[in-house]
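Here is the structure we will look at.
The values are calculated or read from the model by the stated rules, or taken from the named source; none is laboratory data. Every value quoted in this text rests on a predicted model; they were computed, and no experiment measured them. Here Cβ is always computed from backbone atoms with ideal geometry, including for glycine, and neighbour counts include all displayed protein chains.
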C-alpha cells in the first residue's frame, strides 16, 4: 500500500468562508423566513425604540424646560417675610426694598405689600367669597423685575398709581370675569371702588401674582389706609452673581431678625421639575432594558429552534467542507443580522416617536446621538450574546448526526 | 486499472469503528479496500451491515477507532477537524438519498454551494456551477428553485453539486433511494456517464439489482467485507 502522510494542509486544500459569503448566506437564510425574521426582531425593535424614544423625549422636554428657564432667567430671587414660628403675617421693614436695591449686583428690587382687603367684582357678592384673589400694593418697577407685561390696557404709572386704579393678574381677571379694560369696569377692594386699567400676562416665576389685584403704594396708603411694609420683595440680580447676592439678602432686608426671612429662587422649582423628569426617564429606561432583554431571549429562542430545524443543512454544509468555526460564524451572523435589523428599526421607530411627540408638544426635537448609537450598539451586543449559544450548539453538532434524515 | 505511479483515489486499511456502550457496538470490524482512480464501485449490504458507517469513514465525516483512511494518497484519519473540512471541500463529493438541497436558493446557487468553502470567488463558483449543471443535463433549469423540480431533477442537481469541485472521489449514499425505478435508471446512467468521463464514484446501496449493473461490487455484512467482485464491462471511451 502506498501512503503519504502530510505535514501541511496546503496540498489538501483548506476550507474558507469569505466574509461576503457569510453575509450572503445569512441574508439568504433570513430572507427565506421573512415572517419569522420580522417577529423575532420585533422584541429588540420595541426595546430599542422605547429606549431611544424615552431618551429623545426626555432630552427634548429638558431642552424645552431649559429654554424656558433660560428665558425666565435664573437671576430672580424672592425674599419673603416671616416664616418663623409665631410670626403670623409678618412683614419686612418699610425701608427694606431700598436697602436691598443698594446691594451692588442687584439690578432691581420690587416690594409687594399683601393687603387683607377682599377683592370683589361688585358689592352684591358675599365678601367672604374672595375666590382666592388677593389684593397687593406694588412698586412700579415690578413688571421689569419679573420681566412680564400687560396683555390688556396698561400698567400702573406714577399718575395712575396714586388713584384707585387696579391691574389684575391673569387668573384674577379670569375669576372676576373681566376680559377687557375699555369700559371702565370697577372692582371693590375693601370698601373702595377701583377701576381696572390693565390685565397682566402670567408670571411663570411668581404664580401668586397671577391671582392678585395690584394697586400702587400711594393708592393703598390713600384709599385703604394700610401700612406699607412689604411681605415679599422680588429681586433681580446680576446673573453672574446670584450666589453671592443670595446669602446677604436676608440680613439686608430685615437686619433685626434675618433668620425669619426666607430667600428663594423660583427657577429652582423648574430645575427640580427637570430633575423629577429624569427620574421618570430612568424608570422608562429600565422598562426599555427589560423589553430589550426579552427581545434578546426571543432571538436566542428562535436561533435555537433554527439550529434544530436546520440540522440537515448543518450536516450538508459540514459535508461540503464547512468547519465548525464556519457553522458558528454563519449562525452568529444570522443572530447579529436579526438584532441589527431589530436595532435599526428600533432606532428609526424611537426617533419617529420622538419627533412626532415633540412636535405635538412644540418642543425642540433633540435626538441625542448617544441614545441612537447606544441603542444600536446595545441591539447588536444583545444579538451577539443571544446568538452565541445556538451558534456553539450548531458548530458542535457531529456531521454524521446532522446528516441523519 | 490506472497506472501504478498514481495513488489510489481511496484506500482503507484495517478500519475498525466501535461506538461506545455496554458492550461497545462494533460497526466495522477491520475493513481494507482500495479504490483506484476512475473506478465505479458499489458498496452493497443490507441495512445495519455497516455500510453507512463505512461511508462516514470514507467521507471523513467521522473518524475510525483504528485503521487508516487515505484519499488521493493523503492519510487523513489523524487530521484535525478543520483540516478534514478542507479535505471534504476539495477532495470529496457527496450525493445523499434525501438530496439535501437548500430551499429558497436557485439551482445554480445550490450547486455553487458545493464550492462555497473552497475560497473561490462567487462569480467563479457560479460559472463552474452552471457548467456542472449543463453537464448533468439541467442547463435549462439554472434559476429554478428545488421545489420547482422533480425528484429526479433534484438528484441531478445534487450530483452536479457533488462533482462541481472535481473531487477525487464521489460518495453516493443510496442516490436512488427516494426515486422511482425509471428515474433511478437515469440517475445511474448519469453516474456511469460521469464515471466514463473520469470521475471515481462509490455508490452505497442495499439494492442488489442496482449494484449488479456496476462494474465492481463490494459486499459488506456485519461490518466486514464478504466479497469483492469485479466484472469487466464494456467501457467506451
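Being farther than 19 Å from residue B:175 by Cβ and under 16 Å from the mean Cα position of the chain (by Cα) is the filter here, so list the residues in segment B:12-37 that pass it. Let's see the steps before the verdict.
Taking segment B:12-37 and keeping what is farther than 19 Å from residue B:175 by Cβ, we get B:12-34, B:36-37.
B:12, B:33, B:34, B:36, B:37 - these are the residues of segment B:12-37 that are farther than 19 Å from residue B:175 by Cβ and under 16 Å from the mean Cα position of the chain (by Cα).
Kindly indicate which of B:73, B:30 is within 10 Å of chain A (Cβ to nearest Cβ), touching a strand residue (DSSP E or B) at 6+ places or on another chain (Cβ under 9 Å) and surrounded by fewer than 19 Cβ atoms within 10 Å (Cβ to Cβ).
Going through B:73, B:30 in turn, just one is within 10 Å of chain A (Cβ to nearest Cβ), touching a strand residue (DSSP E or B) at 6+ places or on another chain (Cβ under 9 Å) and surrounded by fewer than 19 Cβ atoms within 10 Å (Cβ to Cβ): B:73.
Looking at segment B:137-153, is at least one residue under 18 Å from the mean Cα position of the chain (by Cα) and outside any helix (DSSP H, G or I)?
Within segment B:137-153, none of the residues are under 18 Å from the mean Cα position of the chain (by Cα) and outside any helix (DSSP H, G or I).
The rows are residues; the columns are (1) within 25 Å of the chain's Cα centre (by Cα); (2) buried (at least 17 other Cβ atoms within 10 Å of the Cβ); (3) more than 14 Å from chain B (Cβ to nearest Cβ).
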| site | (1), (2), (3) |
| --- | --- |
| A:303 | no, yes, yes |
| A:310 | no, yes, no |
| A:345 | yes, yes, yes |
| A:349 | yes, yes, yes |
| A:356 | yes, no, yes |
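Checking residue B:171 against (1) under 27 Å from residue A:20 (Cβ atoms); (2) within 12 Å of chain A (Cβ to nearest Cβ); (3) buried (at least 18 other Cβ atoms within 10 Å of the Cβ); (4) within 20 Å of the chain's Cα centre (by Cα), which single condition isn't satisfied?
The number of the failed condition is (1).
Since residue B:41 meets every condition but one in (1) in contact (Cβ under 8 Å) with a residue 40 or more places away in the chain; (2) touching a helix residue (DSSP H, G or I) at 6+ places or on another chain (Cβ under 6 Å); (3) more than 9 Å from chain A (Cβ to nearest Cβ), which condition does it not meet?
All conditions are met except number (2).
For residue B:144, are the conditions met, namely being at the interface with another protein chain (Cβ under 10 Å from one of its Cβ atoms) and either touching a residue at least 12 places away in the same chain (Cβ under 8 Å) or in contact with a helix residue (DSSP H, G or I) (Cβ under 6 Å, 6 or more places away or on another chain) (or both)?
When the stated conditions are applied, residue B:144 does not pass them.
Could you count how many residues in segment B:11-27 are part of a strand (DSSP E or B) and away from chain A (no Cβ under 12 Å)?
So the answer is 5.
Do we have residue B:103 as touching a helix residue (DSSP H, G or I) at 6+ places or on another chain (Cβ under 7 Å) and surrounded by fewer than 22 Cβ atoms within 10 Å (Cβ to Cβ) here?
Values: touching a helix residue (DSSP H, G or I) at 6+ places or on another chain (Cβ under 7 Å): yes; surrounded by fewer than 22 Cβ atoms within 10 Å (Cβ to Cβ): yes.
Yes, satisfied.
Can you name every residue in segment B:89-115 that is under 16 Å from the mean Cα position of the chain (by Cα), within 7 Å of another protein chain (Cβ to nearest Cβ) and closer than 24 Å to residue A:24 by Cα?
B:89, B:90, B:94, B:100, B:114
With B:119, B:59, B:86 as the choices, which residue is facing chain A (nearest Cβ under 10 Å), touching a residue at least 12 places away in the same chain (Cβ under 8 Å) and either surrounded by fewer than 24 Cβ atoms within 10 Å (Cβ to Cβ) or touching a helix residue (DSSP H, G or I) at 6+ places or on another chain (Cβ under 9 Å) (or both)?
B:59
What number of residues within segment A:249-263 are surrounded by 14 or more Cβ atoms within 10 Å (Cβ to Cβ) and either out of contact with any helix residue (DSSP H, G or I) (no Cβ under 7 Å at 6 or more places or on another chain) or assigned to a helix (DSSP H, G or I) (or both)?
Qualifying residue count for the region: 9.
Of the residues in segment A:109-134, how many are surrounded by 15 or more Cβ atoms within 10 Å (Cβ to Cβ) and outside any loop (DSSP other than H, G, I, E, B)?
In the first step, residues of segment A:109-134 are kept if they are surrounded by 15 or more Cβ atoms within 10 Å (Cβ to Cβ); the result is A:109-115, A:117-121, A:130-131, A:133-134.
Of the ones still in play, those that are also outside any loop (DSSP other than H, G, I, E, B) are A:109-115, A:117-120, A:134.
Selection size over segment A:109-134: 12.
From the list A:289, A:379, which one is within 12 Å of residue A:48 (Cα to Cα), away from chain B (no Cβ under 14 Å), touching a helix residue (DSSP H, G or I) at 6+ places or on another chain (Cβ under 6 Å) and assigned to a helix (DSSP H, G or I)?
So the residue among A:289, A:379 that is within 12 Å of residue A:48 (Cα to Cα), away from chain B (no Cβ under 14 Å), touching a helix residue (DSSP H, G or I) at 6+ places or on another chain (Cβ under 6 Å) and assigned to a helix (DSSP H, G or I) is A:379.
Among the residues that make up segment B:92-111, is at least one of them over 22 Å from residue B:194 (Cβ atoms), out of contact with any strand residue (DSSP E or B) (no Cβ under 6 Å at 6 or more places or on another chain), at pLDDT below 95 and in a helix (DSSP H, G or I)?
no
Can you tell me which residue in segment A:396-405 is farthest from residue A:319 (Cα to Cα), limited to those that are part of a helix (DSSP H, G or I), within 58 Å of the chain's Cα centre (by Cα) and within 10 Å of another protein chain (Cβ to nearest Cβ)?
Filtering segment A:396-405 for residues that are part of a helix (DSSP H, G or I), within 58 Å of the chain's Cα centre (by Cα) and within 10 Å of another protein chain (Cβ to nearest Cβ), the one farthest from residue A:319 (Cα to Cα) comes out as A:401.
Which residues, counting only those in segment B:46-64, are under 15 Å from residue B:220 (Cα atoms) and not in a helix (DSSP H, G or I)?
B:46, B:47, B:48, B:49, B:50, listed by residue number.
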